[in-house]
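Visitor: Once you've had a glance at the structure underneath, I'll fire off some questions.
The values are calculated or read from the model by the stated rules, or taken from the named source; none is laboratory data. None of these values were measured; they are calculated from a predicted model. Quick reminder, even Gly has a Cβ in these numbers, built from the backbone with ideal geometry, and neighbours come from all protein chains shown.
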Amino acid sequence: MREINKYSEDLNIRDWDTKFFGYKVANCSPKTAHDLYKTEDLAYAGNEPKQKVKLLMVRCGVENMEVIDALICSKFILMETQVSYSFSFSKNFPYPTTPIRVAVPDDLERLKEIAKVAFKDYGGHFHNDRKIDSDKATDMYVEWIANSCFGNKLADEVFVTEDLNGFITVKKLNDTVGEGVLACVDKKAQHRGIYKDLILTAMIWGRDNGLKSMEMTTRVNNFAVQKVWQRIGWEIFEANHTFHKWL
């Protein structure tokens, strides 16, 4: 969940991404081809170069062939396909066994170090865009965890393992649904069940905050993560493409 500025009902200026990359980044989720063309016109609309959107990102359901065809015709390029899972708190789930706590300021440098390694060449839509430097795309995740900590809008809470080998950020999407936003484990500490316990900790946070369900999203080919979710009882509910176009 990222900070956005509602430029119109159709076009969202992504303030955090814009500040990080140094040029205006926007996104939209059109339901029809007409919606896409209208949004693209808005992205071109600035009277001054600095007002115009430079990178327009479009997210659409994999079933929406009308919009997909329009995107291809408009020379957008497919950068990523993601799947989203949810877990309803009407179901039971186990408790984590790994010692996990809320992050404190002294943890930040270690969390940035973990993110730097874990998200190198991650394969998300920023890494897959050849016009974006790969190291810059990785640094985005480092800044993301830094800006998620300690009262920032990017997260409501950050949990870390006691030995500082992993973290997860969480955020309320609304009064009933929460999201596990960003999670990773140091490569040297993988295959110990730490990632699963971070997910379970996020679920406990959501349940204890009165939410009815949690959601998480990942790349369609991130099979290891999806296997963990499925074993706990999460269920897939949607899949989306992300397209980029440089204006």
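Visitor: Pairs please, first residue from the range 13-28 and in the same structural domain as Asp41 (by TED's automatic domain parsing), second anywhere and in a loop (DSSP other than H, G, I, E, B) and among the aromatic types (Phe, Trp, Tyr), Cβ atoms under 8 Å, 6+ apart in sequence or on different chains.
Guide: Ile13/Tyr7; Ala26/Tyr7
Visitor: A follow-up question, please. Taking the options Asp197, Asp156, Asp186, Asp163, name whichever one is within 15 Å of Phe119 (Cβ to Cβ) and charged (D, E, K, R). Lay out the reasoning, then the answer.
Guide: On the way: Asp197 fails: within 15 Å of Phe119 (Cβ to Cβ); Asp156 fails: within 15 Å of Phe119 (Cβ to Cβ); Asp163 fails: within 15 Å of Phe119 (Cβ to Cβ).
It is Asp186.
Visitor: Of the residues in the range 96-121, how many are in a loop (DSSP other than H, G, I, E, B) and surrounded by fewer than 19 Cβ atoms within 10 Å (Cβ to Cβ)? I'd like the intermediate steps shown before the answer.
Guide: First pass over the range 96-121, keeping only residues in a loop (DSSP other than H, G, I, E, B): 96-99, 103-104, 119-121.
Then keep just the ones that are surrounded by fewer than 19 Cβ atoms within 10 Å (Cβ to Cβ); that gives 97, 99, 104, 120-121.
The total comes to 5.
Visitor: Right, something else. Residues of the range 79-128 being within 28 Å of Arg207 (Cβ to Cβ), touching a helix residue (DSSP H, G or I) at 6+ places or on another chain (Cβ under 9 Å) and of a type in the set (A, V, I, L, M), which ones?
Guide: Once the filter is applied, which keeps residues that are within 28 Å of Arg207 (Cβ to Cβ), touching a helix residue (DSSP H, G or I) at 6+ places or on another chain (Cβ under 9 Å) and of a type in the set (A, V, I, L, M), the range 79-128 yields Val83, Ile100, Ala103, Leu108, Leu111, Ile114, Ala115, Ala118.
Visitor: If I go through the range 181-238 residue by residue, how many of them are among the small types (Gly, Ala, Ser) and in a loop (DSSP other than H, G, I, E, B)? Give the steps one after another, and end with the answer.
Guide: Residues of the range 181-238 that are among the small types (Gly, Ala, Ser), as a first pass: 183, 189, 193, 202, 206, 210, 213, 224, 233.
Subsequent filtering for residues that are in a loop (DSSP other than H, G, I, E, B) retains 193, 210, 233.
Residues meeting the conditions: 3.
Visitor: Name the single residue that is surrounded by the most Cβ atoms within 10 Å (Cβ to Cβ) among those in the range 30-50 being of a type in the set (A, V, I, L, M, F, W, C) and at pLDDT 85 or above.
Guide: Out of the qualifying residues, it is Leu36.
Visitor: Still on this model: Test Tyr195 against the criterion of being modelled with pLDDT under 95 and among the aromatic types (Phe, Trp, Tyr), and give yes or no. Don't jump to the end; show me each part of the working.
Guide: On the way: modelled with pLDDT under 95: no; among the aromatic types (Phe, Trp, Tyr): yes.
In short, no.
Visitor: Whether any residue in the range 158-180 is of a type outside the set (A, V, I, L, M), assigned to a helix (DSSP H, G or I) and not assigned by TED's automatic domain parsing to the domain that holds Val25 is what I want to check. Can you show your working first?
Guide: In the first step, residues of the range 158-180 are kept if they are of a type outside the set (A, V, I, L, M); the result is 159, 161-163, 165-167, 169, 171-172, 174-176, 178-180.
Those left that are additionally assigned to a helix (DSSP H, G or I): none.
No: zero hits.
Visitor: Filter the range 146-165 for residues that are crowded, with 18+ Cβ neighbours inside 10 Å, of a type outside the set (A, V, I, L, M, F, W, C) and without any contact (Cβ under 8 Å) to a residue 60 or more places away in the chain; which is farthest from Leu56 (Cα to Cα)?
Guide: Asn165
Visitor: Name the single residue, out of those in the range 122-131 being touching a residue at least 40 places away in the same chain (Cβ under 8 Å) and among the charged types (D, E, K, R), that is surrounded by the most Cβ atoms within 10 Å (Cβ to Cβ).
Guide: Among those residues, the one meeting the criterion is Asp129.
Visitor: Inspect all residues belonging to the range 132-145 and state whether any of them is of a type in the set (A, V, I, L, M), touching a residue at least 40 places away in the same chain (Cβ under 8 Å), in the same structural domain as Val104 (by TED's automatic domain parsing) and at positive phi. Write out each step before concluding.
Guide: Looking only at the range 132-145, we keep the residues that are of a type in the set (A, V, I, L, M), and these are 132, 137, 140, 142, 145.
Next cut, touching a residue at least 40 places away in the same chain (Cβ under 8 Å) only: 132, 140.
Next, only the ones that are in the same structural domain as Val104 (by TED's automatic domain parsing) stay: 132, 140.
Checking which are at positive phi leaves us with none.
The answer is no; no qualifying residue exists.
Visitor: I would also like to ask the following. Go through (1) out of contact with any strand residue (DSSP E or B) (no Cβ under 8 Å at 6 or more places or on another chain); (2) within 27 Å of Gly233 (Cβ to Cβ); (3) in contact (Cβ under 8 Å) with a residue 12 or more places away in the chain one by one and return the number of the condition Asn174 breaks.
Guide: Looking at each condition in turn, Asn174 falls short on (3).
Visitor: Just need a number here: residues in the range 177-191 that are under 13 Å from the mean Cα position of the chain (by Cα) and in contact (Cβ under 8 Å) with a residue 40 or more places away in the chain.
Guide: Total satisfying the criteria: 4.
Visitor: Considering only the range 235-247, I want to know if a residue exists there that is in contact (Cβ under 8 Å) with a residue 60 or more places away in the chain, surrounded by 14 or more Cβ atoms within 10 Å (Cβ to Cβ), in contact with a Gly (Cβ under 6 Å, 6 or more places away or on another chain) and within 30 Å of Leu78 (Cβ to Cβ).
Guide: Yes, that holds for at least one residue.
Visitor: State yes or no: is Ala155 out of contact with any His (no Cβ under 9 Å at 6 or more places or on another chain) and of a type in the set (Gly, Ala, Ser)?
Guide: Values: out of contact with any His (no Cβ under 9 Å at 6 or more places or on another chain): yes; of a type in the set (Gly, Ala, Ser): yes.
So Ala155 passes the test.
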